[in-house]
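What follows is one structure encoded as structure tokens, with my remarks underneath.
The values are calculated or read from the model by the stated rules, or taken from the named source; none is laboratory data. Not measured: the values here are computed from a predicted model. Every residue, glycine as well, gets a Cβ built from its backbone with ideal geometry; the counts of neighbours run over all protein chains shown. Surface accessibility is based on the protein's heavy atoms, side chains included, excluding ligands, DNA and RNA. Shrake-Rupley method; radii C 1.70, N 1.55, O 1.52, S 1.80 Å.
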Amino acid sequence: NNIINAAEQLLDEEVRLLQSDAWSKYGGNKIDDSKNNRDQRIHVDYANNTFVHPSSWKKPDAVAMIVYFDDSDITGGCTAVVPREGDNDPYYEWPLVNNPGVAGLPWENDKDTIEGILKNTHPEVYKFRQELYKKEHFAKFKPGTILFYRHDIWHRGTPVNLGQVRRVVNLGFRRESCDWLTTWNPGWARKMYHETQFVENLIVNASVRQRNVLGFPKPGHRYWNKETLQAVERRYGPLGFDITPYLKCKL
């Protein structure tokens, strides 16, 4: 609930979950793989979270979070971020399109690979991006640190130290009204029918607010009527679901 509280405070609206991924990043020597994220290119996250462009800076659509389980002094692998320096920051001039994979630019994940390509194919974009790397700040972390950032902030992943593992959970939340942002993970209901029924039990044991975040219709939503109340209670009742909070609707 504390994380949901933080997301709603930042976005000033009820939120819906976009992403929830546990991810271990392993340290190793550089490999010849242009898609590898060992040393990522600098980027903004909106390009693979929405079909459109983020809204104005003062009304963000989404907030992303990285929850760290390790110590950056040991593992390395800090997230590099370019802070926005006011409304006239030239590196945040609207729109944000100097991003691999956007506006016809080629996409590769590896920093050296894509910057080498852009140097030859789009020299002005390359020059702009080289200045971004110079402005990076590295977000150090301890177990329990949470980095909050936006889909329209320049950032990237950096290498994990040789022989180390950096463990994180990546989270993303959108404003309830921003249905032009798409869910990163496969749909939450896709894991239904698992032999452990872990998603069904998650729904049963979650609070109303936690169900809301997953997109379960909240009390008073137009979805609820006499028939749907009965049907949902029949679906989850054998697992202990309490339909009472959803009775607050026009039948």
- Note on the structure: Projecting the Cα atoms of ASN109, ILE4, ASN205 onto the charge dipole of the chain, where Lys and Arg contribute +1 and Asp and Glu -1 at Cβ, the residue farthest towards the positive end is ASN205
- Would you please state the base-10 log of I(q)/I(0) at q = 0.17, 0.24 1/Å for region 142-251, with intensities from the Debye formula using one equal scatterer on every alpha carbon? -1.01, -1.45
- Item | the chain: Cα Rg divided by the 2.2 N^0.38 Å rule of thumb | 1.17
- Task: Using per-residue counts of other Cβ atoms within 10 Å, averaged over each peptide, order 167-176, 64-73 from highest down.
- Result: 167-176, 64-73
- Item | Whole-angstrom gap from region 97-115 to region 65-91, using each part's C-alpha centre | 20 Å
- Message: How high is the relative contact order of region 1-106? Use alpha-carbon pairs under 8 Å, at least six apart in sequence, and give a whole percent.
- Response: 25 percent
- Please report, in debye to the nearest 20, how large the charge dipole of region 128-212 is about its Cα centre when each Lys and Arg carries +1 at its beta carbon and each Asp and Glu carries -1 there. 360 debye
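Over region 42-194, average the accessible area per residue using a 1.4 Å probe and give it in Å², no decimals.
Values: 7790 Å² over 153 residues.
Per residue, region 42-194 has an accessible area of 51 Å².
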- Whole-number Å³ per residue for the convex hull built on Cα positions in region 184-245: 96 Å³
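Over region 144-251, what percent of the accessible surface lies on carbon and sulfur atoms, probe 1.4 Å? Could you put the intermediate results ahead of the total?
On the way: 3390 of 6380 Å².
Reported share for carbon and sulfur atoms: 53 percent.
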- Please work out the FRET efficiency for the pair ARG84 and VAL169, using the Cβ-Cβ distance as r and a Förster radius of 22 Å; give the result to the nearest 0.05. 0.30
- Query: Amide H neighbours of LEU18 under 5 Å, counting only residues 5+ apart in sequence or on other chains, H built in-plane at 1.01 Å?
  - Reply: GLY172, PHE173, ARG174
- Item | Calculated diffusion of region 1-75, Stokes-Einstein form, Kirkwood radius summed over Cα pairs, 20 °C and 1.002 mPa s, µm²/s | 137 µm²/s
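If R₀ is 51 angstrom, what is the calculated FRET efficiency for the pair ILE74 and LEU105, using the beta carbon separation as r and rounding to 0.05? Each step should come with its number before you reach the end.
Values: r = 36 Å, r/R0 = 0.70.
Efficiency at R0 = 51 Å is approximately 0.90.
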- Note on the structure: Surpassing 24 Å at the alpha-carbon level, of the pairs LYS35/LYS59; LYS30/LYS140; LYS58/LYS135; LYS25/LYS111; LYS58/LYS127, are LYS35/LYS59; LYS58/LYS127
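Counting only C-alpha contacts under 8 Å and six or more residues apart, can you give the relative contact order of the chain as a whole percent? It would help to have the intermediate numbers written out before the result.
Working: 409 pairs, mean separation 85.5, N = 251.
In percent, rounded to a whole number, it is 34.
Would you mind working out the magnitude of the charge dipole of region 109-251 relative to its Cα centre, with +1 at each Lys and Arg C-beta and -1 at each Asp and Glu C-beta, to the nearest 20 Debye? Could the numbers behind the result be given before it?
Details: 25 positive and 14 negative charges, 75 e Å.
Charge dipole of region 109-251: 360 debye, to the nearest 20.
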